[in-house]
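Taken together, the values in this text are just the output of simple stated rules run on the coordinates, not laboratory data. This is a predicted model, so every value here is computed, not measured. FYI the Cβ positions are ideal-geometry reconstructions off the backbone, even for glycines, and counts take in every protein chain you see.
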Ligand SMILES: [Zn+2]
């Protein structure tokens, strides 16, 4: 068999990891999942990741005639991609883990790229997902919280300290609900999937009601659900217009659990954004296309990008 050149792609979440071996044309040669085992502590998680990556390297050698040429890894929290350090991750208990160095050593010295989970997912959505080569885009996943990734000319802007794109912490309702970040009235306290779930549980009197139930009630014409839904969309539109004003993106890609509501979300959201802009040019507002594989696919792109910039031997 002719050896197939490929890279390791690894997306580390709070509880689980997704991995793949990805060929140069983007095809997935192999996929695997594993628990992070975070209940065993931060050091054990690092060791689980290193062991998993080493197995993936061996898998490539055994099944595709050669080991991976590079690896890309997406991790949560605060990431210093330039020096390859996972600076802080509350859900994994990490502080200043030199992940790139640890991985490269374990993988026999192959080049390793480290990325932030949302920015890495955004890279994939912008390049091979909903953005389809969009030169300037904003990726906004609406999940437990609200995060963001700013796409600029084929890469993602991290900011000077790794905090760029945190649209969830734009204050849209001064003095509003308390946010985990210490501020009040942040976008994510009003328009995340969790925020809509909380609001609909309170309005409907059903403590188990969530955002998906709210969207369903909106579609069936429930007036209270519509009120909750439009309040969230109004806040989301306010936050997006601030971002649009600053960044002038060509495309806004909305993902996460709330985007699963489809046109129940997108039709009123486009209208709400349109009503708020004055001089700004309206970007296309589209649903994300890659779902929960975006982080892993983006990690693969980071790895291939490393090889593209390598000086040929
Ligand atoms: Zn906040």
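For this structure, a couple of remarks:
- Counting only alpha carbon atoms, the long axis of helix 42-63 and the longest principal axis of the chain meet at about 60°.
- Legend: calculated FRET efficiency, residue 105 to residue 216, from the Cβ-Cβ distance at R0 = 51 Å, rounded to 0.05, equals 0.50.
- Counting neighbouring beta carbons within 10 Å and listing from fewest to most, the residues 2, 18 come out as 2, 18.
- The chain - share of DSSP beta bridges that are antiparallel (%, nearest 5): 60 percent
- Relative contact order of the range 32-152, defined on C-alpha pairs under 8 angstrom at six or more residues apart (%): 19 percent
- Highest-fluctuation residue, 190, 301, 29 considered, GNM on the chain with Cα pairs under 10 Å: 29
- Using a cutoff of 8 angstrom between alpha carbon atoms and counting only pairs six or more residues apart, the relative contact order for the range 194-271 works out to 28 percent.
- FRET E, pair residue 178, residue 227, Förster distance 22 Å, beta-carbon r, rounded to 0.05: 0.50
- Angle in degrees between helix 117-127 and the longest Cα principal axis of the chain, rounded to the nearest 10: 90 degrees
- Approximate spin-label separation residue 135-residue 30, in nm, with each point projected 7 Å along Cα-to-Cβ: 4.0 nm
- Averaging Cα coordinates gives a centre for the range 253-298 and one for the range 26-58; these two points are 31 Å apart.
- The mean sequence distance of close C-alpha pairs (under 8 Å, at least 6 residues apart), as a share of the length of the range 132-289, puts its relative contact order at 24 percent.
- Contour minus Cα-Cα distance for residue 144 and residue 62 (0.36 nm per residue): 25.6 nm
- Linear extension gain, residue 276 paired with residue 161, 0.36 nm per residue minus alpha-carbon span: 38.3 nm
- Taking other Cβ atoms within 10 Å as a rough exposure proxy, 1, 17 sort from fewest to most as 1, 17.
- Helix 294-308 and the longest principal axis of the C-alpha atoms of the chain enclose an angle of approximately 40°.
- Each of 30, 63 has some number of other Cβ atoms within 10 Å of its Cβ, and from fewest to most they run 63, 30.
- Each helix, a run of at least 4 DSSP H residues, gives -39500 (n - 2.57); summed and divided by the residues of the chain, these come to -12000 deg cm²/dmol at 222 nm.
- In plain terms, the chain from residue 208 to residue 266 could stretch by 18.4 nm, reckoned as 0.36 nm per residue minus the Cα-Cα distance.
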